[in-house]
Each structure stands twice: as C-alpha cells, then as structure tokens.
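Each remark here refers to the structure printed beneath this line.
Please treat every number below as a calculation from the coordinates, not as lab data. Predicted model only: the values in this text are computed from it and were never measured. All Cβ positions, glycine included, derive from the backbone under ideal geometry; neighbour counts span all protein chains shown.
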Amino acid sequence: MMLNPSPTDADAVTVAGRDFPTNRGGLCKKGWTAAELLVSPDRVLEPLLRQPDGSFEPASWSDALDLVAAKLRGTRAEHGADAVGVFGGGGLTNEKAYQLGKFTRVALGSSRIDYNGRFCMSSAAAAGNRAFGLDRGLPFRVHDLDTADTILILGSNVAQTMPPFIGHLEGARAAGGLVVVDPRRTATARLTDNGAGMHVQPTPGSDLVLLLGLTHLVIAKKLTDQHYLHARTTGFDAVRRSVNQWWPTRVQEHTGVPVWQLRELARRLAAGAARGQATGNGTYILTGRGVEQHVDGTDTATAAINLSLVLGLVGTTHSGYGTLTGQGNGQGGREHGQKCDQLPGYRKISDPAARAHVAGVWSVDPDSLPGVGLPAVELLGALGEPGGIRCLLVHGSNVVVSAPNANRVRAALKTLDFLVVADFFFSETAVLADVVLPVTQWAEEEGTMTSLEGRVIRRRLAVAAPEGVRSELWIWQELARRLDSASTFSAEAGEVFDELCRASAGGLADYSGLSYELLDSEEPAFWPYPAGSTGTPRLFLDRFAHPDGRAHLVAVQARRLGAPAQVDGTLTLITGRLLEHYQSGTQTRRVRELADAQPEARLQLHPATAEQLGIIDEAWVEVSNDRGTVRCRAQVSTDIRFDTVFLPFHFAGDQRANLLTDDETDPVSGMPEFKKTTVRVRALVEAGAHV
Amino acid sequence: MSEHRNPEHIVLVGYGPVGARFVDELLPLVRQGAATLTVVGAESADAYNRVLIAEYAVGNADRESLDITDPLAAREAGVHLRLGLSVTAILRSRRAVSLSDGTLLRYDRLVLATGARANVPTLDGVTRVRRDRQAPPADAATLDTSGAPLPRGVTVLRDLDDARRVLAAVTAGARIVVLGAGVLGMEIALAAATAGAQACVVYHGEIPMARNLDRGGGSVLAQSARRAGVTMVNHSRAESLLFHQDDDGVDRFDALICADGKQIHGDLLLLSCGVGARTELAQLAALPVSTGILVDENLQSWGDPQVYAIGDCAHVAPAPRAGDSTARPTGGPSGLIGPGWRQADWLAARFTAELLNREAALSLAAATPAVVMLKAEGVDVVSVGNTAADPWDAGLDEHAAGCSGAPVRVAQWADPEAGRYVKMVTRHGILEGFVCVGMPRTAAELTLLFERGSELPADRSVLLRYDGPDYEPSAGSAFALDATICWCNGVTVGAITEAAEAGNATVACIGAATRAGTGCGGCTTRIGDVLEHFRAAESTPG
C-alpha cells in the first residue's frame, strides 16, 4: 500500500496499490479508504484525563505521564507488581509488540500481559506448535497456492476478510478443486460455484467431527502417504485408532454433511496430494477462525493438521497446511513477547535458557523476570478481583467490543482503580479510561509487520503525525524513565528492531539476520532468518522443529457433541466479519464509505426460520441469552443454514455480538467460544405490522 | 501412581467396542491407582469395531480400520487384559467370577459387556441350541458355536472369522444368499454386489428393513437395491436347507428351500436374522433377564447393585417397585453402537466420581430411539422412531389423543421413479420419527433435527430442496444489477453500469471510477463482460 501526497494540498493524501506477492498490488475497500483514518475528525489529538465529574479534559503529555507513572508505582507498592496488567493487540508493529512485552516484564515487573490475538490465532498457534514444534501461519509462500490442484478452506471467508487473497485461489478453481467448509454460503463459498469446487455446509461447531471423519476415510480408503508417515512423523497409530470411531454415517449424523460429500472430499484431497507428487501442484488445507474459535479449537486445528499429515502434505514442495492470519500483524504480534507465556523469538518464558538469553540482551538479572502470566480471558477475569489486577494498560485493542461476554468485561473495567487506553480514536474502551493517550497510526510511524506467510515487511513513515500525538515507543520510554526501570527503552523503531533481532537470536522465530537496511532492499525475508542465512520461504522441507525432527500427530477426541433443542427461536449464533469492516470497527466505522455500506449490525437468518419466527427482511429483532441482548435488523437470506444465525462483531453499544458470546475457553490455547453460541431470536415488531 | 489403600477391584466381562470404550474412559482412574481393572475377553483378538464388520467382510475396510482402542495404552496404565478366556459363572455370594482356566477373580464391581450373538433361525438342517440354560463353554473360542457348529457354506456375520468366510466368497465372486433383510443383511448384500459378487436377499415380509421402515421407504429401498444388482426375494419364509457333499464327504450348503417350495441356490448362506443378547451368565446367576440383562437407569442390575451391564447385553428399564405389575418390561437392547458408547462413557464417569468422592453424574438420560443408517455407497437410507403413521391418519390420532394431546402430523414425499422417499412424523413441529431414502442431504438435516429435538421449518419442503439440482443457487443472471462482480471492493453490476453510463468505457476506467478489479484482479474479465453487455444494451433500439 502506498500513500500519495496530493500535489495541491499538503494534508491531502491518497492510497495506491503497490506490487507485492500477497495482494499483487490489489487493495480492498478497507485499504483504499485507509487514508481517511489519518485525517479523521474523530482522532484524539492530546492526552485526556477523566475528571471527577466523569468528563475528560485535555492535559499535557508530561502531566498525563506523571499521573500514569504515579498510579503504576502506587499500585505496585500497595498490591504488588502483578496488580498491574497489560492488554496488547495483534495490530501493533513487531517493535511495539516486543517493547510492550519487555516494558511489562522489566519496567512494570508484572507477569500479566496478554493480547487480543488470544481471541484470534491462539488455537492454530497451539496446534502448530504441538504438531510441528513451530507456529508460522503459512509455512510456505502465499503464491505457492497459485498452482495448487486442490485447496480446502475451513471456516474462513477470505473473499470478504482479505479479498485480494482470492486471486491465489484461481488455479484451484480452474482445476475444480476449491472446497470451502462453512455453515454459511459466504462470498468465499460462492467461489466454488459453476464447477470450481464444492461447498460443504456443516452445522456450527461440528468441524472437529468432520475432520476426524475425513481422516478416517483417508486412512480406511488407503489414501495415506505411507512413506511420508513412516519417514517424517510419529503418532500415526494412535490417530488411526482414534478416528476409527468416526465412520462416515456417524459423521453425517453429527455434522449434517452427507456421506457422499465426505467421500468425494476425501478422494479429492488425496488425488490432489498424489498429483502434487507427480506435477508439483498439490493439495493445501487452510484453516480460519471459523474452526479455531471454539473451546475445542486447538483440537480442531490439530485434527486439520493430522489430516494434512496423513495425506503427506506438510513440509513438501507441492502441498501444505496453513492458517490464515486475522489481524494486521497477527503473525508478528504473536512472536515477540506479547503472550503471557512468551519471550521474544517465540521463546517460552518458563525455559531457563530462554530467560537467560533474553535477560542478557536486556542487561537484567534473569531471576528478575516474572513467570507465566494469564491468558486474555483469565486476565480480563482477574480485573478488580481480590489478588487480581487493579490497574490496566490497553494498547491496540478495544476489549469492550472484541472480548467475549462483553457485559462482564465492561463491568470489570469499571471496577479498576485505574485504566489507561492508548488509541488513535476515542474507542468504546477508551470511553471508560482514566487516561487516554493518543498514539500514531499506520502511515505515521516506522516499523515492521510480519505477514501470514512469515514475511517481515516494513512500515514506513509517510506523513507527519498530528501535533500532540505520540508513538507508544516514546510513551514506554517516558514511563520506564519515570519508573526508574532497569534496561533501556528506545523510542526509535530501528533501534528497537535491532534489539528485537538480537533477543530473537536462536529462538524459533529467529530474526537475527534481519535489519531495516535489508528489508528496505525489498528482498523477500521469511523467518526463521538467523544471522548469516537468507531466510526460510518454505519451512520443514528437511525436518520439523521438534527435537526429533518429526511432525507429531496427536490423537484428539470430539467430546462436545450435540446441541440444545432448537424450538421457539433457539438457534446457534456464529459471529464474524463483513467486507467493509475490521475487528471492533473502531477504525472502519469512522470511514464514511465503509459505514455507509454497512452502517449497522444485521442478523443473517434463513427464510424458513424467519417465517417461523414472524420476521421479515429488515425487521427489528432481538437476539438474547443469559449473558446479554442484541437488538438489530434482520437480513433474511438463503445463504445460511436454517439452524444458524450470523452476527458481525464490528458494532458497538447494544449491537455488540460479544454481548452474547461465552467466556469459557479452550483448555490449551485459552481461545474463547465465538462460533457456537446458543441464543434466542424473536421479532421486535410483528411481521406484517406497518410501521 | 498415587497411593490408595484399598483400591476397588473392577472386573469387566467382554472386550468388544463397548467394553473397550469403558476401559479407555476408566484409564485415568486406574492410572491414579484408585481402582484396579481386569478385563476378561473371549475373543483373543484385541477389541475391534463391529460396526464396520460388513465393510470388512466385502474388502472395503482392512483389519486396521477396525481398531478402536490401544490395548498397549491400557496395559501401560495397569489394566489386566485377559483375552481368549471366558467367564463360566458369576459367584455372587463370593463376589467373584470363575474363569475358563479354572481360576477365580474377585470383584467389587462387575460390569457385563458380553454383547450379543447372531440369531440362528429354525431351519431344517441347522442344529438349534437353547443357550439361556447352559453354562458358557470352557473353551472361549467356541463361546457361540460349541455343540452346534453351523454347516459348511452357512455363516452368520458377527466376528472376524465370520467376516473372513464372507470375504472369501465375495472375492471369489460367489453367489451369496442372505437370509434376512435387516440393516446388516441389506448392507452386506449391497456391498457384496458392488464388490462383484452375486447377492440375493430372502425375507418374509413385504419390504426390507421392516423394523425400521414404513411401506413407502421399504419399497423404494427394495427398488434401489434391485437397481444396484441385488436380487430381492420377499414374502418368503425359509424352511430348510439343501446340501451337496464336498470331496471330503462333508455336507456343504447348496440351496435354501422356502415354504412355498422355492429353491434358492447359492455358494454361501449368510444368516442375518438379528442378534440376541448374551445373557446366560446373568441368568445362571439368577439375575433378572428379559431381552437383555435387566438394569436400571444407573445401569445396575435389578437383582444385584454390584453388577452392571452395558451395551448390547443390557436391557435398561426402571426397576419395578413393590406392588408394580409383573408385566414384561418394554424396550430392550438397541443393537446400535451409539447408545452402548453413551452407557460406557456414563458408567466410567460415574465410577470415577464415586471412587474419587466427587459429585456423581445424574442418572443416564433416557435413551431416545437411535437413528438407523444404512451404510452403502449409492443407496442412502436413514430412519428412526415412529414411522408407521400415515398422512391421512392424523385426524384419527387427534381424536384418540383427546382434545389436550397434540396431534401427530405427517408430511411425505415419494418419487419412486427417482428412488426418493421422505416421511416426517412430527408432534408440535418436532420429529417423532422419519424415513429418508435416496436424499442424503435431507437425511443428514433430519437426523440433526431429530437428535436435538428441534422444531422443523413450518414449510417442510424447505428440507427437500437441499437435494435438488437447484440447491446451489448461482444467483440468477450474472448480469443482474445486484450481482457482485468485484468481491474485493464490493462492486456490483449496477455500479459498473452506472460508471459506464457516465462514460467510463474501459476496464481500467471502470477500475479508477469504482475500484472494481483493483483488488485481486480476478474479475477483470467479468468487468469486460459487463461492459460488453452494457454496450449491447445501449445499441439495442427501444
């Protein structure tokens, strides 16, 4: 993406595409309109302090930071270091994600940092680590997909969430090999029309059974790659036994996917893998949040990986498994210490060698580093609790909209002694803050991001930030100084990056061979990129990252079978994105063109269900359960199963989809259940009544 | 392993799929040392998935795909697996079982998962044995055949040896006569025909799967089976067998003779006449038995709280209280794996809770009727529950139920020509039963609706359309004004036409004006088509 200044008006800038393999120079609506964010009248342009009467008054940076530092110091002195919590974001640059982790562990001495990526990539990350010993969204280059014979996409609507990506599906479509698994007939599912492939429409939350059943079929029909399993993996026997209980008719019984479709799909995947060996154009399996955002999301992603492994896809030159990253820096944001159990370079904070290495780079005593903290939902659950968090810093996240069980989160934020929110807009979370710190956004800062294919890319400063707005790097430097912190906190992105590279050296996500100079040369840089190497475009070609060099198949069980009776408007809610919006909508709802196209939440439901409930298109409906109530308009569409309703999660107030979602989490990844929520739907105004 | 002073001794009799599931679920308890578990299994092979035995018998599945448990993991956890042995008696007063090797095994809790054996019908030429009064044989290998082996060329289909016999016939392309048109009989006949053997099903009613299907569903199934190459012989009561002699002088099956005098020749006679619970151990130990070992909602024997039964040998029914009538309890073992696995899971969870002093689970939920699905490639049959009702009986039922009861409603779709048939029987819009033949996607949705107890769409025909060729809605005309052309930027035909009207004549101009085609670029050809279409419309007079 490039910014072009206007020749006539110094402040006016427009966006243009830039040739790049992921998007091939293409941009979607969100990209084209992103310049509007820079000059939005809604920007916060100076620090704001909450007054005793609840209003906000502007303050100078030094006053604001003095206040924050005093509160941090006081909270720590009174309640201990862990009484200060930090909530980060997957949209922060690598430099900020790294520095935020360091700031928390060193300047605050707190273990309690986690981020909104927990709601996004954590299940796939946990599954990838468990299977391969390493987690990089795509362990291959994105354009390797272009020539694939078969691509299976599970639970991702890329045609709307990352539209330029669909160009990479053209090859598989031409070969009739695009398979999309989604309870909705999404724009992505429609790409399978007219002989381009197949849409599989299971009932929500049954993906794990579907994958176990496909794996069973592949094994039972002798479509496995025996040589590969023998040479490159462990654990096949246990997986073989565990999937034998999922024969096709039983899978049909639990998923709603007919047996013929299962068989067809198993055959197609294997045929693609075989073709891959012969011609180099094989089978790729890609997962998205639809299958990962469940309380058994790690096991579901693991089942997708097991299927990929029995087919012999991963770590070859022709096929693969990958997960599609959700946020701007969803990959890099999860590598350098924003996670509660992690140090830079994707190291474990519980590993003494990792602690020693990182402490060395930071010039601190390894014993001074805290241990494992709390994953996001638990961290938010600890707000205001005895022994919990009294003071919270939020960076790059809008938890009031994006976290599950939003009512509880909002109530918990109000119990805090002190809430600091750094954002460029007055988000729904910032409204609750004691101090709001205005920060720079994309085109106003230097930095790096790491894309879904593990490619490190530069973000360059193109326009000056408004007067009064600061970078988080500068804020943390100032706060660390006020807190008399050990180590150093540079405000220069380039210096932070160099330090990040040293801290990551020898880790799984090793950046030590990278520099801004190298990245500025536009040479593609895929991590791991140890010093002296040229990076790793395709991972696992020779060995996996486990000490034994093998991929580990892990047998998983589907234990959450069944669903409540759907009578009197009881339905299963799934949440997700629209083309026009991004995450909590705090940015995109402020772009007129995007807001005009999708100004409000709409509940998508099937005409048969709508008829039963007396709901007509555009009518007001109420969606509720024990946790909350959403009121919005209905969008009646045959693009969804009749037992399922869909609500986008971009909207605020009583249109927040997360008022309804449950904060129960996956025991391995800490991922909440976003994609299988039981709700009751009713018409607010009777259909037929003229209003 | 932590120390537990007096771990309870749990003995499981039977290592079939349900027994194996029980073992797997109990492993954490055994690993903790809170209980010991000894498994006595008559088959010397490790537990395997009997559900797929028909697939195995026609060569569609190999032995490995029948594995459902890891005996090594069980052994490592400390489970004593004693396979190839049978229990010859339950000595309740001594809380022990005697084994076929002469030893005794003490128990605190005894779980019977002895399963069921194939029924052998009364046929002239086949010895019939009453087993319920007989002690099981000392030789575990002849648990079901001792004293009365089946003649050569005659088999049931229950265990691996049976399956191998069938497989040999299928591989040789032999003529296989299947007696009985239940689910297993139909599965094996269809699979054998697909695999190249000649299959003939002989049954005495009018329709196959008469226990599960109504007349319409059964008739459509029979027709589909015929189309798949299976000979269907209905209204035929088998009476006796004809034999010819093998070279070694032993009789071998030659033909089945029916009551009407028909002779049906074949190389192998497969008896598929249902199964009967193996209850003799319980019966000899004076435990109450009906069509299975009678157990209450906690799966405890009516006659002994230390004895439990799960799976195909168990008949779950509320225990009678004093003064209750002595009528035979209704119901019986389902013969399906789903309910058996649920029982195994529940009982293991209950034992775990009790032995670790945790809160015990609630009683096992009353089993809903289990969905029956025919496993055959190309012939889809799913049914469950009450399927006898007729669309035109509804009025009668309404009357019978009085004014308060909701009437049963029946919706039906029959297209025998296309091999399709659906019947949905509902009360309050919720399925009480259904039959679905030849409509796989509809069947899958009906199954979900039935199992959840969900309300059907008021317009039942919505469910039928899933299997129609029009289900993949290709959104009408590609040039409809609201059809999306550029997904990246959400640009419709209408927006492109508008831009064209404003004078943008090329794909590049359209891109600059609307951003269409400036994302992935995959739609530029389609933009060209729209422009073409626009120009054609422009130049058309009128």
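Of the peptides B:109-121, A:226-238, the ranking by mean beta-carbon count within 10 Å, highest at the top, reads B:109-121, A:226-238. Short-range pairs are left out: with C-alpha atoms under 8 Å and at least six residues apart, the relative contact order of chain B is 11 percent.
Relative protection proxy for B:317-323, B:382-388, from highest mean packing down: B:382-388, B:317-323 (other beta-carbon atoms within 10 angstrom). Set the Förster distance to 56 Å, then compute FRET efficiency between A:Val372 and B:Asp260 from the Cβ-Cβ distance, nearest 0.05. Computed FRET efficiency for A:Val372 and B:Asp260 comes out at 0.10.
Per-residue ellipticity at 222 nm from helix content only, as computed over the protein assembly as shown with -39500 (n - 2.57) for each DSSP H run of at least four residues, stands at -8000 deg cm²/dmol.
Fewest neighbouring Cβ atoms within 10 Å first, the residues A:Tyr98, B:Tyr308 line up as B:Tyr308, A:Tyr98. Between the Cα long axis of helix B:215-227 and the first principal axis of chain B there is an angle of about 80°, rounded to the nearest 10. Inter-chain neighbour count for B:62-72: the average number of beta-carbon atoms from partner chains within 10 Å of each residue's beta-carbon is 4. Listed by number, the DSSP H helices of chain A that run 18 Å or longer by alpha-carbon position along their axis and have mean Kyte hydropathy of at least 1.6 are A:207-220. The mean sequence distance of close C-alpha pairs (under 8 Å, at least 6 residues apart), as a share of the length of the range B:150-273, puts its relative contact order at 33 percent. Taking Cα centre as origin and charging only the Cβ of basic (Lys, Arg, +1) and acidic (Asp, Glu, -1) residues, the dipole magnitude of the range A:104-252 rounds to 440 debye.
If I stretch the segment between B:Ser363 and B:Ala349 completely, what's the gain in nm (0.36 nm per residue apart, minus their alpha carbon distance), one decimal?
3.9 nm
Between the Cα long axis of helix B:524-539 and the first principal axis of chain B there is an angle of about 50°, rounded to the nearest 10.
A cut-off of 5 Å between modelled amide H atoms, ignoring neighbours fewer than 5 places along the same chain, links A:Ala525 with A:Val456. Computed from Cα atoms alone, the Kirkwood hydrodynamic radius reported for the range A:312-383 is 14.5 Å. Judged by the mean number of other Cβ atoms found within 10 Å, the most tightly packed of the peptides A:178-188, A:356-366, A:48-58, A:566-576 leads the ranking A:178-188, A:566-576, A:356-366, A:48-58. Distant-in-sequence amide contacts of B:Ala199, defined by a placed amide H-H separation under 5 Å and a gap of 5 or more residues or a different chain, comprise B:Ile176, B:Thr231. Annotation note: GluC sites (Glu not before Pro) in the range A:628-691 located in DSSP loop regions with a Cβ neighbour count of at most 14 within 10 Å are A:Glu686. Distance between the modelled labels on A:Ser62 and A:Gln226, one decimal in nanometres: 7.8 nm (7 Å Cα→Cβ projection). For the residues of B:18-26, the average number of beta carbons from a partner chain within 10 Å of their own beta carbon is 1. With the charge dipole of the range A:560-622 set up from +1 on Lys and Arg Cβ and -1 on Asp and Glu Cβ about the Cα centre, the Cα lying farthest toward the positive end among the listed residues A:Ala565, A:Gly585, A:Ala601 is that of A:Gly585.
Shielding of peptide B:454-467 by partners, expressed as the average count of other chain Cβ atoms within 10 Å per residue Cβ, is 4.
With the charge dipole of chain A set up from +1 on Lys and Arg Cβ and -1 on Asp and Glu Cβ about the Cα centre, the Cα lying farthest toward the positive end among the listed residues A:Pro58, A:Ala683, A:Thr644 is that of A:Thr644. Each Lys and Arg adds +1 at its Cβ and each Asp and Glu adds -1 at its Cβ; summed about the Cα centre, the range A:501-601 shows a dipole of about 520 debye. Structural descriptor for chain A: relative contact order 19 percent, calculated from alpha carbon pairs under 8 angstrom and at least 6 residues apart.
Among B:Ser100, B:Pro17, B:Tyr48, whose Cα lies farthest out toward the positive end of the dipole of the range B:1-129, if unit charges sit on the beta carbon of Lys, Arg (+1) and Asp, Glu (-1)? Of the options given, the answer is B:Ser100.
In a reduced charge model with +1 at each Lys and Arg Cβ and -1 at each Asp and Glu Cβ, the range B:380-467 shows a dipole moment near 160 debye about its Cα centre. Once the Cβ-Cβ distance of B:Ser44 and B:Ala418 is raised to the sixth power relative to R0 = 41 Å, the FRET efficiency obtained is 0.25. Residue order for A:His294, A:His143, fewest other beta carbons within 10 angstrom first, comes to A:His143, A:His294.
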